[in-house]
Amino acid sequence: MSAPKIVIIGTGLIGREHCALVQKHPHAILVGIADLSPSAKDYADKIDVAYYSDYQKLIEVTQPDGVIIALPN
């Protein structure tokens with residue numbers, strides 16, 4: 001069985017924590033993030049994952065096994 005592909009929507013403080021945890025996990029792959037913030041693209045480049053400003057496009061293109069939504073309440 002291959003590792004599940006995970007994407008994260010929202011790259012604020014909690015979203016970045018989730019990114020770090022997914023990337024450390026030996027049985028998961030972080031394949032992309034989505035966020036409207038201008039700094040999100042730089043963050044995606046820094047952690048070497050795909051960036052999308054549109055979460056629907058992220059899901060359509062990456063076809064993840066799971067999505068973590070890390071947006072404010």
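Mind counting the residues in segment 22-32 that are part of a helix (DSSP H, G or I) and open to solvent by 30 Å² or more (accessible area, probe 1.4 Å)?
Keep residues of segment 22-32 that are part of a helix (DSSP H, G or I), which gives 22-24.
In the following step, the residues that additionally are open to solvent by 30 Å² or more (accessible area, probe 1.4 Å) were identified as 23-24.
Looking only at that region, the number is 2.
Scanning segment 13-20 for any residue that is charged (D, E, K, R), part of a loop (DSSP other than H, G, I, E, B) and at pLDDT 95 or above turns up nothing.
Please go through segment 44-73 and give me each residue that is assigned to a helix (DSSP H, G or I), over 13 Å from residue 34 (Cα atoms), in contact (Cβ under 8 Å) with a residue 24 or more places away in the chain and not β-branched (Val, Ile, Thr), ordered by number.
Narrowing segment 44-73 to residues assigned to a helix (DSSP H, G or I): 44-47, 55-62.
Now drop any that are not over 13 Å from residue 34 (Cα atoms), which leaves 46-47.
Add one more test, that the residue is in contact (Cβ under 8 Å) with a residue 24 or more places away in the chain, and what stays is 47.
Across segment 44-73, there are no qualifying residues.
Going by what's in this entry, would residue 52 be described as under 16 Å from residue 5 (Cβ atoms) and among the hydroxyl-bearing types (Ser, Thr, Tyr)? So residue 52 fits the description; yes. Count of segment 7-19 residues, restricted to those that are farther than 10 Å from residue 33 by Cβ, touching a residue at least 12 places away in the same chain (Cβ under 8 Å) and among the aliphatic types (A, V, I, L, M), is 1. Say whether the condition of being among the β-branched types (Val, Ile, Thr) and more than 9 Å from the chain's Cα centre (by Cα) is met by at least one residue in segment 44-56. Among the residues of segment 44-56, at least one is among the β-branched types (Val, Ile, Thr) and more than 9 Å from the chain's Cα centre (by Cα), which makes the answer yes.
Let's see how each residue does on (1) hydrophobic (A, V, I, L, M, F, W, C); (2) open to solvent by 60 Å² or more (accessible area, probe 1.4 Å):
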position: 6; (1), (2): yes, no
position: 9; (1), (2): yes, no
position: 14; (1), (2): yes, yes
position: 20; (1), (2): yes, no
position: 34; (1), (2): yes, no
position: 43; (1), (2): no, no
position: 54; (1), (2): no, yes
position: 58; (1), (2): yes, no
position: 66; (1), (2): no, no
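The values are calculated or read from the model by the stated rules, or taken from the named source; none is laboratory data. Values in this document were obtained by computation on a predicted structure and should not be read as measured data. Please note: Cβ atoms are built from the backbone with ideal geometry, for glycine as well, and neighbour counts cover all protein chains shown. When the accessible area is computed, the model is the full protein with side chains, heavy atoms only, and any ligands, DNA or RNA have been set aside. Shrake-Rupley method; radii C 1.70, N 1.55, O 1.52, S 1.80 Å.
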